[in-house]
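Novice: One structure is given below, represented as structure tokens, and several questions about it will come after.
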Amino acid sequence: MGFGPSAVCDIRLNTVLTTEQRQRFQDSATIRRLLGTAKTIAIVGLSAESTKASNMVASYLQDEGYTIIPVNPRAPEILGEKCYTDLKSIPVPVDIVQVFRPASEVSAIVDDAIAIGAKAVWLQLRIIDLPSADRALEAGLVAIVDKCIKMEHGRYCGALHWAGMNTEVITAQRAKYR
């Protein structure tokens, strides 16, 4: 069974959410607005290992001008930024709480995000806890579920290659080699 041309461009292939859930937790206009206005992103579960997805995403977000705040109780510093043991320890306002922890830990993270007055909770790709996301919405936060913040940023700033990678190529012209 192969994919036809329409399936290749179907962004729903990246999620297990229903159509209604995608409308609630993956709205493109909401994502674009959030990424355009956010300045500070607390990353819960940010790894100090440069080969881990959370570290690569955080590094990308730093390069794109966001202030990242690592939340990792086992590291003093990641990517040149002081680590905090939990969200409640962060002394500055947080726009987005980016979650790189298992779904079983999301409920407590959402409680803390609400408590600190964060503007949004973003559950990384394949991290799904819809009751907690609903609770965040009810508390007035934006809730994004099962989306990669790096891929979404790249998609809206024009840096996303068709294969999902940031090629850092500024032109559509192919390089000419001898």
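Novice: Quick check on Lys82: is it charged (D, E, K, R) and closer than 19 Å to Asp27 by Cβ?
Specialist: no
Novice: If I go through region 86-95 residue by residue, how many of them are surrounded by 13 or more Cβ atoms within 10 Å (Cβ to Cβ) and outside any loop (DSSP other than H, G, I, E, B)?
Specialist: The qualifying residues number 2.
Novice: Right, next: Can you run down the residue pairs with Cβ atoms below 9 Å, 6 or more apart or on separate chains, where the first is in region 18-39 and under 20 Å from Pro93 (Cα atoms) and the partner is basic (Lys, Arg)?
Specialist: Partner pairs satisfying both residue conditions: Ile31/Lys147; Ile31/Arg155; Leu34/Lys119; Thr37/Lys119; Ala38/Lys119.
Novice: Next question. If you check Gly140 against the conditions, is it closer than 17 Å to Ala38 by Cβ, small (Gly, Ala, Ser), modelled with pLDDT of 80 or more and not in a loop (DSSP other than H, G, I, E, B)? Before the answer, list the steps.
Specialist: Working: closer than 17 Å to Ala38 by Cβ: yes; small (Gly, Ala, Ser): yes; modelled with pLDDT of 80 or more: yes; not in a loop (DSSP other than H, G, I, E, B): no.
Answer is no for this residue.
Novice: Separate question: For region 118-129: of the residues being at pLDDT 95 or above and of a type in the set (A, V, I, L, M, F, W, C), which is farthest from Lys52 (Cα to Cα)? Break it down into steps so the answer makes sense when it comes.
Specialist: Here is the first cut: in region 118-129, the residues at pLDDT 95 or above are 118-124, 127-129.
Narrowing further to those that are of a type in the set (A, V, I, L, M, F, W, C): 118, 120-123, 127-128.
Values: Ala118: 25, Ala120: 23, Val121: 21, Trp122: 18, Leu123: 16, Ile127: 16, Ile128: 19 Å.
Here the answer is Ala118.
Novice: Need pairs with beta-carbon distance below 7 Å; first residue touching a residue at least 24 places away in the same chain (Cβ under 8 Å) and on the phi < 0 side of the Ramachandran plot and within region 41-60, second assigned to a helix (DSSP H, G or I) and of a type in the set (Lys, Arg); sequence gap 6+ or separate chains.
Specialist: Val57/Lys150; Tyr60/Lys150
Novice: Now for a separate question. Hey, among Ala115, Ala42, Ala48, Ala75, which residue is at pLDDT 95 or above and in a strand (DSSP E or B)? Let's see the steps before the verdict.
Specialist: Numbers: Ala115 fails: in a strand (DSSP E or B); Ala48 fails: in a strand (DSSP E or B); Ala75 fails: in a strand (DSSP E or B).
Just one listed residue meets the conditions, Ala42.
Novice: Here's a follow-up. Anything in region 63-72 that is outside any strand (DSSP E or B) and without any contact (Cβ under 8 Å) to a residue 40 or more places away in the chain? List them, or say none. Steps first, answer last, please.
Specialist: The initial filter retains those residues of region 63-72 that are outside any strand (DSSP E or B), namely 63-66, 72.
Once the filter is applied, which keeps residues that are outside any strand (DSSP E or B) and without any contact (Cβ under 8 Å) to a residue 40 or more places away in the chain, region 63-72 yields Asp63, Gly65, Tyr66, Asn72.
Novice: All but one of (1) loosely packed, with under 14 Cβ neighbours inside 10 Å; (2) closer than 20 Å to Ala120 by Cβ hold for Tyr66; state the number of the condition that does not hold.
Specialist: (1)
Novice: Determine whether region 44-57 contains at least one residue that is among the polar types (S, T, N, Q) and in contact with a Phe, Trp or Tyr (Cβ under 7 Å, 6 or more places away or on another chain).
Specialist: Yes: one or more hits.
Novice: To continue, here is another question. Which condition does Gln98 not pass, out of (1) in a helix (DSSP H, G or I); (2) among the polar types (S, T, N, Q); (3) closer than 22 Å to Gln23 by Cα, if it passes all the others?
Specialist: Answer for Gln98: the failing condition is (1).
Novice: While we're on this one: Would it be correct to say that Arg155 is among the charged types (D, E, K, R) and under 16 Å from the mean Cα position of the chain (by Cα)?
Specialist: yes
Novice: What's the number of the only condition in (1) surrounded by 14 or more Cβ atoms within 10 Å (Cβ to Cβ); (2) closer than 18 Å to Glu138 by Cα; (3) among the small types (Gly, Ala, Ser) that Gly117 fails to meet?
Specialist: Every condition holds for Gly117 apart from (1).
The values are calculated or read from the model by the stated rules, or taken from the named source; none is laboratory data. Treat the numbers as computed from the prediction; the structure is a model and nothing was measured. FYI the Cβ positions are ideal-geometry reconstructions off the backbone, even for glycines, and counts take in every protein chain you see.
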